[in-house]
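Trainee: The following block contains the structure, expressed as C-alpha cells.
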C-alpha cells in the first residue's frame, strides 16, 4: 500500500449551521420605543396645553391693548380691572419745599371708571381657528393698536379743600412791617412763601390721571416782606403824637392821590377818638384856600394883573388885607357878602365844617357865626374862632378836589359844571407853591418833594397851628393836612417839630419803605 495513501487523513465532517440571537439590539429598540412614546405623550400634553391656552386666550384682552396708559394685552377682564385699580388708586407723593406727604386718591373721591373703559376694548381679528391657533403657538397673533383713554372722576371741592389745608399747614406768611416812631419810619418784616393753589390743583389733577408720574413737586411762590399799609402809617402817626407828648388835639388827614386811599385820625390827649362828623378848629390862614377856590368859581375871565397881585400876596405873604379885597370882588363890592359866598360854596361842595363869617383884617366886619356838625358836638370843644372855622378833613378834601380838577375831573367839575377849567386849578396850585416860608411844617418834613401848601397859626397866645399841603414826591403824591390845638399856649417850635415829625413819617411811608 502506498504510504502516501495510508497516511492521508480522512476529510473532516461538515459543520452544523448555528443561530446565535444578539439581545443588545433588542434592548436598543426597547429604549427607542420608550423615548418615542414619551415624546409622543409630552407632545400630546404640550398640544393639549397649547390648545387649552389658546382656548383661554379667546377670553383674554387682545395683545398690545393699552387702556388709560396701562398695557393690558393678554390679561383677563378681572385681572385687567385689578391692574387698573392698582395703578390709579396708588397714592400721590407730594413735595412742598422738601417736605413730602401723600394724597390717597380716595380722599378726593378719585375713581377710574374701569368698567366703562374695558367695555370699549376691541375684539382681536380672527383668521379662522387653525390660523389663529397657529399664530398663538408661534406668538405671531397681530397686535391691537387701539389705545383707550382714561375715564375718571373726582370731587373738585374735596381737592380744593385738601389744597387749602396744605397751604394752612405749610405756608409761611411774610411778617408785616411795624411802625417805629423812634425813627419816624418802619421796621420791615421778613419774607415768606405760599402755595400756588391754582398750579397745585392742575399738578395734582394731572398726577391722579397719570399711570406713571405719581409724584408732584408743588409750586411754591416766594412772598416778599409785606410793605407798610395805611393802617401801619396810622400806627406811626399815633405813636409820633405820643412820642412828642402832645397833650392837645391833633386832627390829621392823608389822601393818596394815586390809589385814593384815605387815612383820617384824631388824637385827643394822646388817645385816638372817633372822627365822627369832625371837630371844629380855627380856620386861621388856611381859610384862604376856600377863598381862592370861590374866587375862581365866580371869576368869568382870567385874573387881571391887579387880581394876580392880590392872589400872589395872599399866598406869598399871607396878606389878610389882600384876602379882604378878594372877598369884596367875590361879593361884588361887599366883603361880608363875599365871605357868605365862600361859606355857601363850601357847603355846596359837601364841606360842612368850613365857613367864614367876616373879613380877616377889618374890625367888626363880621356876620352871624354858622352852626356846623363840628361846633355842635357836646363832647369836645376846642374853642375855635367863632367867625373862621374848618378842620383837617374839609381842607384835605378841598385840596384833593383841586388836584382832580387839574385832570378835568372830580367834585369841583361835577358840582359846578363849566365853571372851572383844568388851567384854573393848575393856577391855584401854583399860588400855593408861592408859600415859601420855612422849611417848616409839612414842607420841613418832605425833603426833595414839591410842596404846595398854606399854613396858619394864631397870634399869641399860640393855641392853634395848621398846615394844608399837596405833596409830590418821587415815591408818591398825596395830600396831607394837620390841625393842632392845645388849650394851654404851646411854643411854636414844639408845634413845628411835631408837624415836621408827622410829615416825615408820611414822607418815609412813600419814599423809604
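Trainee: Checking the conditions here, which among 446, 473 is in contact with a helix residue (DSSP H, G or I) (Cβ under 6 Å, 6 or more places away or on another chain) and surrounded by 23 or more Cβ atoms within 10 Å (Cβ to Cβ)? Lay out the reasoning, then the answer.
Mentor: On the way: 473 fails: surrounded by 23 or more Cβ atoms within 10 Å (Cβ to Cβ).
Being in contact with a helix residue (DSSP H, G or I) (Cβ under 6 Å, 6 or more places away or on another chain) and surrounded by 23 or more Cβ atoms within 10 Å (Cβ to Cβ) holds for just one of 446, 473, which is 446.
Trainee: A further question on this structure: Pairs under 7 Å by beta carbon, first residue at positive phi in region 357-382, partner surrounded by 10 or more Cβ atoms within 10 Å (Cβ to Cβ) and assigned to a loop (DSSP other than H, G, I, E, B), six or more apart or different chains?
Mentor: 358/365; 358/367; 358/387
Trainee: Would you mind telling me which numbered condition in (1) assigned to a loop (DSSP other than H, G, I, E, B); (2) without any contact (Cβ under 8 Å) to a residue 24 or more places away in the chain residue 386 fails?
Mentor: Every condition holds for residue 386 apart from (2).
Trainee: Taking residue 186, is it under 19 Å from residue 503 (Cα atoms), not in a helix (DSSP H, G or I) and not assigned by TED's automatic domain parsing to the domain that holds residue 447?
Mentor: Values: under 19 Å from residue 503 (Cα atoms): yes; not in a helix (DSSP H, G or I): yes; not assigned by TED's automatic domain parsing to the domain that holds residue 447: yes.
Judged against the criteria, residue 186 is a match.
Trainee: Could I ask something else about it? For region 389-427, give me each residue that is outside any helix (DSSP H, G or I) and in contact (Cβ under 8 Å) with a residue 60 or more places away in the chain. Can you show your working first?
Mentor: Step one: list which residues in region 389-427 are outside any helix (DSSP H, G or I), which gives 389-391, 406-410, 416-421.
Scanning region 389-427 gives 389, 390, 391, 416, 419, 420.
Trainee: Additional query: Of the residues that sit in region 503-513 and are out of contact with any helix residue (DSSP H, G or I) (no Cβ under 6 Å at 6 or more places or on another chain) and modelled with pLDDT of 95 or more, which one is surrounded by the fewest Cβ atoms within 10 Å (Cβ to Cβ)?
Mentor: The selected residue is 511.
Trainee: Still on this model: Assigned to a helix (DSSP H, G or I) and either outside the structural domain of residue 280 (by TED's automatic domain parsing) or closer than 22 Å to residue 179 by Cα (or both), is that true of residue 502?
Mentor: Taking the combined requirement at face value, the residue satisfies it.
Trainee: Within region 271-285, is there a residue that is touching a residue at least 60 places away in the same chain (Cβ under 8 Å), touching a strand residue (DSSP E or B) at 6+ places or on another chain (Cβ under 6 Å), surrounded by 18 or more Cβ atoms within 10 Å (Cβ to Cβ) and more than 24 Å from residue 379 (Cα to Cα)?
Mentor: yes
Trainee: Something else now. Hey, which of the strands (runs of 3 or more DSSP E) in region 230-310, taking only ones fully inside, have at least 2 residues that are on the phi > 0 side of the Ramachandran plot?
Mentor: none
Trainee: Right, something else. Based on this model, can you work out whether residue 473 counts as touching a residue at least 24 places away in the same chain (Cβ under 8 Å) and under 21 Å from residue 388 (Cα atoms)? Break it down stepwise before answering.
Mentor: Values: touching a residue at least 24 places away in the same chain (Cβ under 8 Å): yes; under 21 Å from residue 388 (Cα atoms): no.
In short, no.
Trainee: For region 396-438: of the residues being under 23 Å from residue 494 (Cα atoms) and in contact with a helix residue (DSSP H, G or I) (Cβ under 8 Å, 6 or more places away or on another chain), which is surrounded by the most Cβ atoms within 10 Å (Cβ to Cβ)?
Mentor: Among those that are under 23 Å from residue 494 (Cα atoms) and in contact with a helix residue (DSSP H, G or I) (Cβ under 8 Å, 6 or more places away or on another chain), it is 435.
Trainee: Something else about it: Out of (1) touching a residue at least 40 places away in the same chain (Cβ under 8 Å); (2) closer than 22 Å to residue 382 by Cβ, what's the single condition that is false for residue 297?
Mentor: Only one criterion in (1) touching a residue at least 40 places away in the same chain (Cβ under 8 Å); (2) closer than 22 Å to residue 382 by Cβ is unmet by residue 297, namely (2).
Trainee: I'd like the residue in region 215-228 that is surrounded by 15 or more Cβ atoms within 10 Å (Cβ to Cβ) and part of a loop (DSSP other than H, G, I, E, B) and, out of all such residues, is farthest from the chain's Cα centre (by Cα).
Mentor: 218
The values are calculated or read from the model by the stated rules, or taken from the named source; none is laboratory data. If you're wondering where the values come from, they're calculated on a predicted model, not measured in any experiment. Virtual Cβ from ideal backbone geometry, glycine too; neighbours counted across all protein chains shown.
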